[in-house]
Every structure is written in C-alpha cells, then in structure tokens.
Amino acid sequence: MSDVHLNAVVKNWGTTRAVDRVSLHVNSGELVALLGPSGCGKSTTLRLIAGLEGADEGEIHIGGRDVTRLPPAQRGVAMVFQSYALFPHLTVAENIVFGLQVRRVPVAERKRRLDAAAELLGLGALLDRRPAQLSGGQRQRVALGRAIVAEAAVCLMDEPLSNLDAQLRQQMRQEIRALQQHLGMTLIYVTHDQTEAMTMADKVVLMRAGRIEQHGSPAELYERPASTFVAGFIGCPAMNLLPGSAARAGDPADSILIGVRPEHIAVCEPGRGLPAQLETIEYLGAESMLICRHDDAHRITVRMPGRVTAGIGERVGLVWPADAEHRFAREHGHRVAST
Amino acid sequence: MTAHPLGNGGRLAAIHGWLLLLPAAVLLAAFTHYPAVATFWHSLFTTPRGNRPARFIGADHYRDMLADPIFWTALQNNLVFAAGTILPSIALAMAMALWVNARIAGRGLLRLAYFTPTVLPMIAVANIWLFFYTPDYGLFDQVRGLFGLPAVNWLGSGDTALGAVIVVTVWKEAGFFMIFYLAALQQIPPELGEAAQLEGASRWQRFWRVTFPLLMPTTLFVLINATINAFRLVDHLFVMTRGGPDNATSLLLYYIYEVGFKFWDQGYAAALTMVLLSLLATVALLKFFWLERKVHYQ
C-alpha cells in the first residue's frame, strides 16, 4: 500500500501561509495532479510530502506510516525536479544509480535495475555521457530513470515538463502516464498547465492561495466546477460568467453569477436569446472563437466549429440550453444548486 | 564577393593582427620574459664590484649552492612551510565557506569577519601577531598564564618559530580563499543537495559525492594560488623573525633577498632565483597537465 494522506497540513513562510490546512487523500497507484497558478502552494505541498520542507501543523502519512517528522530519505519517495537536478560531474549511469550506491545496494542488483531502467527509457546508448552532453528530453529521461530505480512506491514530480518544447512535452506526457501505470506507482504531479493535468491525471487537485479549491476527476472539474475560480481556470477559453440579471431578465437578480462554457452557446438572429454585438472572430482552423459583447459591458466567447463568416459589429442573439448553465453565488463564488 | 576592409587576408591583415597583439606582447616581454632570461644570464656571471667587472663563471654559482647549508635550510623550511600552509588553509577555507553558506543567523557579519584578514596588509597582520606571540605579556602567554602554564618564546625558539609563522599565513590566507569557495558554492543549485538527500545520501556523502567534486575547479585555482603564495609570501618574516632564529624561518625568497640586497651578491641571488622559478614552473605544469584532467568544469 502506498497511498498518501495529508491531514490539515500548514506551512508558513514568515507571516504568509503558503499551505493552509490542506487535507488530501491520494490512493495507491493513482496519478494526482496538483494544479494551480504560480504561488498557489502546489510546489510547497509537494516539498512537504517529500520532506524537503517541514510542516508547521498537520500530519502526513505515506503507506499508512506517519512520516511528518521523518527526513526525506526515510519517507520512501522518489522525486523528479523541474531542473532535473542531475549531478553534472557524474555520467548518466552514475546519476541513475546514485541513490542505490549511497544506500549500499549490491552491485549485481544495481546493474539489474540500471539495465531495466535504461531499457524502459531508451537510455542504453547514453549511459557513459554526462548531463551536459544530453538534450533536454534526454536529461528528463535520466531524471525519470533515477526516480524509477529507487523502486519507491510514491513518486513526486515538480513541473517535470516545463523545460521542454511543446512537441516533446506532449510525447512525454503520454510516456510518463504509461510508465506510471506500467510500474503501478502512486504519482503526485505538480503543474501549472491545465492540459497536462487534464490529460494525464486520474484526479486533479486545483489549488489557490494555499487551499484546495476543488479535488476531483478532470471531468468533474470541467463539468461541475465548484467555484468561479475553477470555472475560470479549467477550460480554454474560460467559462463565460454573467450576472444573473444580465443573463436572463427577471432572474434572481445580482446575487447569482451564471456560467456557460463557450461551446454550449449558439448564435442566432437578433431578437432571440441574449442580445449581443459581435466584436471579433479568432479563427483557429478547426474552430473559431466569436468574441461578443453584451450590453457594452460583458464579454462573451462563443466557440463554433470550422470557419464562421459573419460580419464584425453585427447584432446577434446568444442562446444556450438550460442544463449547460452553472450557477455561482456572486458573494463568495461558490457553486449553488441549479433551480 | 566584397573585399575585406583590411584586404583579402594577406599581409595587411597579418600586420593588423600583430599590431593588436603588440601591447600585450610588449608588456609580457618587458616584465616577464626579459627579466627571466636576464636573471638566468646574470646567474652565469660573478657579481661586479667596484673595479672588478662581471666575469663568466658558468655553473659555478649552482655548484656553490649545492654546498651552501643555508640554501638547503631555506629550501627545507620552504617545503615545510608549503606543506603547513597549503592544505590547512584550503581545508579551513572550504570549511568556513560551507559554514557561512548555510542558513545561519548573522552570516553577513560572519563572512565579513572571515574576510577581514585578507583586507589587512601582511605587515600589519605580522605586527598584530607579533603581539600575540610576545613572551609573557602576549595574548597566547596571557591565556597560558591563566592555566598556570609557563611562558613560551614562540618566535624566539627554533622549535616553534616556523610553526608560528605558518599559523599566521594560514590565518591570513584562509579568508581570501573562502571567498572563492563561497562564490562556487552559491553556483551549485540547491536542488542537487535536495536530490541527493532524497536519494538517501547522508550529510557526509552529500559533501564528498556532490559538493566536493563540484568545487574541484575552485580547488585547483586555489591550490595554485596557495602554492605560489607559499613561495612568495615573506613579508611577515621581515617583521616577525627576519629569518631567525638561526635561519629556522628563512624561506627561499627571504634568503634570496638577503643574498641579493644585504650581502649584495647579485650573481648568486640570480642563481637562487632560477631555482625558485623552476620549482614554481614545475608545480604549475604538473597541476595544469595532471590535475586539469581530473577536474569537471560545468
């Protein structure tokens, strides 16, 4: 068993709370993404789990064991750093077996694990090179190799793909996911990229200002955002948010915000639906984004397939099905039950 | 194809190149190469005195040197001095740098304190330490007095004088070398230590397997400087011991000074200088060709 459990964990940096009573359960063998804007406490949470920072309050359990006060080496976790943290003076092979060497794993066993990892990651031809002689993607693999040979049941990754170019990033996303499932690791993955979180993770934990905003499957976060923050963060372009009074005349007035995803809105002739004026069209090939403005104040994005030929400045009506509507309390941004 | 502004390669470009090199070449030749060659030339002649001009004597000075007991004493002292200053000052510098690089309260002041000896002129340092070493009322003897220990003439006794001079040099140099180590330590990304920590490396293993190898370029640089200083730093001898007692603290360069400017035997001094030069050249060559290969540059 290698589930990870955080119970009301707090970390303060001086007077600011970097992590504010975070409670989280990660099941064994799950890939959980910690997602959020920079400074939201996701990396600090990861470092608390790794033991690189000490928790000020709360408890951390890994595999049923209380590790809150244990040093990193005794927590049974492996970690991949954003900068990869490869030792520049050691070869690829030496980097990968570094941990096995300092833990005095027998030579034969070391070799077996090195060979297995090199085979798995396609590093066979690079074992005698030094990190400076590798490309970014190869360094990334070496860092992964170092994490897998430890055979730790829990692996932590701190923005591991952020230094790679877009194409490589997409490829590595799939590889890391495949690797995690092949080895049955529990993987906690920090990222600020919602695509990474949505495509790789079993569960996504969206954080904001040191707190968990929502914890659920990618579909849950997209389809039932718990707050306006989640609604705005997940999905690109973001969900449209309108005051209730604007969205539908005579509705519960200004205490409610109504959210509608751009793909759920359709454009119709003026006079029906919400009156708006077409401001610009962003053509993206497979789809087009229609940027409309309602009442000279609220910007509404409509996503339509293919190319749209409509006149800029034209008056249009915007309609959407009632069940595509998300309702949030205006005061605190939390989701409220649909009527 | 457009013509190069300096002509297509050819003579003009070559002249231009040589002109650019000229200032550096002139300085190097006038202040390094010519003096070295001239010194060697002078070492083959007797010292001119009054109405007796210099006379070619070949290797006579070098033969005399082999039979000169003070030369051998100075050389031996210098080797002891080198052994006693190089490694201890480097080790101390590294230890201090590791300490002031850590997150400790008041590390700015601590760094400053360690660096202070470097700022002081060696002559001033020597005077301070002269007081420390003074028998009876010097700092050391006063402390010893608290424990009822007898006074020691640190600089006046042949057994302790060289050691006392070595301590001063280490104290003076370690702070300077620390600055280089501190700069190098701050270049090492903290994630490397964290990664090693996660992999189960103890503090000791982290130092020997990660930090120490990454400091090697600095160590090489500092080692060369420390070695050169071991043969070059003699300022404190003028204040503290003047090579005494009975040549117990006479170092090679100090002996050269005495021969050249107190006994005015410049021919012999030139020969001694050649020995010092070749000694240092050998050390430098050894380091660059042998150690260089073992150093990993980032």
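Within the group A:Val154, A:Val97, which residue is at pLDDT 90 or above, open to solvent by 10 Å² or more (accessible area, probe 1.4 Å) and out of contact with any Phe, Trp or Tyr (no Cβ under 9 Å at 6 or more places or on another chain)?
A:Val97
If a residue must be more than 30 Å from the chain's Cα centre (by Cα), more than 14 Å from every other protein chain (Cβ to nearest Cβ) and not in a helix (DSSP H, G or I), how many such residues does the stretch A:84-126 contain?
Result for the stretch A:84-126: 1.
For B:Leu185, only one of the following conditions fails: (1) at pLDDT below 90; (2) under 30 Å from A:Val102 (Cα atoms); (3) away from chain A (no Cβ under 14 Å). What is its number?
(1)
Testing B:Glu199 on (1) under 16 Å from B:Ile86 (Cβ atoms); (2) within 14 Å of chain A (Cβ to nearest Cβ), one condition comes back false. Which one is that?
Result: B:Glu199 fails condition (1) only.
What single numbered condition from (1) outside any loop (DSSP other than H, G, I, E, B); (2) in contact (Cβ under 8 Å) with a residue 24 or more places away in the chain; (3) surrounded by 19 or more Cβ atoms within 10 Å (Cβ to Cβ) fails to hold for B:Ser250?
So B:Ser250 meets the others, but not (1).
Does A:Arg129 qualify as being within 14 Å of chain B (Cβ to nearest Cβ), under 23 Å from A:Leu161 (Cα atoms), of a type outside the set (A, V, I, L, M) and open to solvent by 70 Å² or more (accessible area, probe 1.4 Å)?
So A:Arg129 passes the test.
Of everything in the stretch A:1-55, what is more than 23 Å from A:Pro160 (Cα to Cα), out of contact with any strand residue (DSSP E or B) (no Cβ under 7 Å at 6 or more places or on another chain) and either part of a loop (DSSP other than H, G, I, E, B) or of a type in the set (Asp, Glu) (or both)? Give them in sequence order.
Selection gives A:Met1, A:Gly14, A:Thr15.
Of all residues in the stretch B:215-241 being more than 14 Å from chain A (Cβ to nearest Cβ), of a type in the set (A, V, I, L, M, F, W, C) and not in a helix (DSSP H, G or I), which is farthest from B:Glu292 (Cα to Cα)?
Within the stretch B:215-241, the match that is farthest from B:Glu292 (Cα to Cα) is B:Val234.
Only residues that are open to solvent by less than 40 Å² (accessible area, probe 1.4 Å) and not aliphatic (A, V, I, L, M): list them for the stretch B:253-264, please.
B:Tyr254, B:Tyr255, B:Glu258, B:Gly260
Determine whether B:Leu110 is part of a helix (DSSP H, G or I) and open to solvent by 70 Å² or more (accessible area, probe 1.4 Å).
On the way: part of a helix (DSSP H, G or I): yes; open to solvent by 70 Å² or more (accessible area, probe 1.4 Å): no.
Answer is no for this residue.
Scan the stretch B:176-214 for residues that are among the aromatic types (Phe, Trp, Tyr), more than 18 Å from B:Leu291 (Cβ to Cβ) and touching a residue at least 40 places away in the same chain (Cβ under 8 Å) and report the count.
2
Looking at the structure I just gave you, is A:Glu53 within 14 Å of chain B (Cβ to nearest Cβ) and either more than 25 Å from B:Trp204 (Cβ to Cβ) or under 24 Å from the mean Cα position of the chain (by Cα) (or both)?
yes
For A:Pro225, which of the numbered conditions (1) open to solvent by 10 Å² or more (accessible area, probe 1.4 Å); (2) at pLDDT 90 or above; (3) part of a loop (DSSP other than H, G, I, E, B) fails to hold?
Of the numbered conditions (1) open to solvent by 10 Å² or more (accessible area, probe 1.4 Å); (2) at pLDDT 90 or above; (3) part of a loop (DSSP other than H, G, I, E, B), the odd one out for A:Pro225 is (1).
Which of the residues belonging to the stretch B:144-161 are among the aliphatic types (A, V, I, L, M), assigned to a helix (DSSP H, G or I) and open to solvent by 20 Å² or more (accessible area, probe 1.4 Å)?
Of everything in the stretch B:144-161, just one residue is among the aliphatic types (A, V, I, L, M), assigned to a helix (DSSP H, G or I) and open to solvent by 20 Å² or more (accessible area, probe 1.4 Å), namely B:Leu146.
If we scan the stretch B:130-143, do we find a residue that is over 21 Å from B:Val222 (Cα atoms), loosely packed, with under 14 Cβ neighbours inside 10 Å, under 25 Å from the mean Cα position of the chain (by Cα) and of a type in the set (A, V, I, L, M, F, W, C)? Show your work before the answer.
Of the stretch B:130-143, the ones over 21 Å from B:Val222 (Cα atoms) are B:130-143.
From what's left, loosely packed, with under 14 Cβ neighbours inside 10 Å: B:131, B:136-137, B:139, B:142-143.
If we keep only those that are under 25 Å from the mean Cα position of the chain (by Cα) as well, we get B:131.
Within this subset, residues satisfying the condition of being of a type in the set (A, V, I, L, M, F, W, C) are B:131.
Among the residues of the stretch B:130-143, at least one is over 21 Å from B:Val222 (Cα atoms), loosely packed, with under 14 Cβ neighbours inside 10 Å, under 25 Å from the mean Cα position of the chain (by Cα) and of a type in the set (A, V, I, L, M, F, W, C), which makes the answer yes.
Which residues, counting only those in the stretch A:59-83, are assigned to a loop (DSSP other than H, G, I, E, B) and either open to solvent by 30 Å² or more (accessible area, probe 1.4 Å) or more than 8 Å from chain B (Cβ to nearest Cβ) (or both)?
Of everything in the stretch A:59-83, those that are assigned to a loop (DSSP other than H, G, I, E, B) and either open to solvent by 30 Å² or more (accessible area, probe 1.4 Å) or more than 8 Å from chain B (Cβ to nearest Cβ) (or both) turn out to be A:Gly63, A:Gly64, A:Val67, A:Thr68, A:Arg69, A:Leu70, A:Pro71, A:Arg75, A:Gly76, A:Gln82, A:Ser83.
Hey, A:Gly317 hits all of (1) in a strand (DSSP E or B); (2) without any contact (Cβ under 8 Å) to a residue 12 or more places away in the chain but one; which does it fall short on?
For A:Gly317, the exception is condition (2).
For the stretch A:18-38: of the residues being open to solvent by 20 Å² or more (accessible area, probe 1.4 Å) and closer than 21 Å to A:Ala201 by Cβ, which is nearest to the other protein chains (Cβ to nearest Cβ)?
A:Ser38
Looking at the stretch A:317-338, which of the residues that are among the aliphatic types (A, V, I, L, M) and under 20 Å from A:Val267 (Cβ atoms) is surrounded by the fewest Cβ atoms within 10 Å (Cβ to Cβ)?
A:Ala322
Only one of (1) within 10 Å of another protein chain (Cβ to nearest Cβ); (2) buried (at least 21 other Cβ atoms within 10 Å of the Cβ) is not met by B:Phe212, so which one is it?
Here B:Phe212 meets the rest and fails (2).
Considering only the stretch A:303-316, state which residues are at negative phi and open to solvent by less than 90 Å² (accessible area, probe 1.4 Å).
Step one: list which residues in the stretch A:303-316 are at negative phi, which gives A:303-305, A:307-312, A:314-316.
Matches in the stretch A:303-316: A:Arg303, A:Met304, A:Val308, A:Ala310, A:Gly311, A:Glu314, A:Val316.
Looking at B:Leu253, is it more than 14 Å from chain A (Cβ to nearest Cβ) and modelled with pLDDT under 85?
On the way: more than 14 Å from chain A (Cβ to nearest Cβ): yes; modelled with pLDDT under 85: no.
Considered against the rule, which asks whether it is more than 14 Å from chain A (Cβ to nearest Cβ) and modelled with pLDDT under 85, B:Leu253 comes out as no.
Regarding B:Phe238, is this residue within 30 Å of B:Ala54 (Cβ to Cβ), in contact (Cβ under 8 Å) with a residue 24 or more places away in the chain and out of contact with any helix residue (DSSP H, G or I) (no Cβ under 7 Å at 6 or more places or on another chain)?
Criteria met by B:Phe238.
Residues in the stretch A:135-149: is at least one assigned to a helix (DSSP H, G or I), over 24 Å from the mean Cα position of the chain (by Cα) and surrounded by fewer than 20 Cβ atoms within 10 Å (Cβ to Cβ)?
no
The values are calculated or read from the model by the stated rules, or taken from the named source; none is laboratory data. Remember, it's a predicted structure, so these values are computed and weren't measured experimentally. Methodologically, a virtual Cβ is constructed for each residue, glycine included, from the backbone with ideal geometry; neighbour enumeration extends over all protein chains shown. Surface areas here come from the heavy atoms of the whole protein model, side chains and all, with no ligands, DNA or RNA. Shrake-Rupley method; radii C 1.70, N 1.55, O 1.52, S 1.80 Å.
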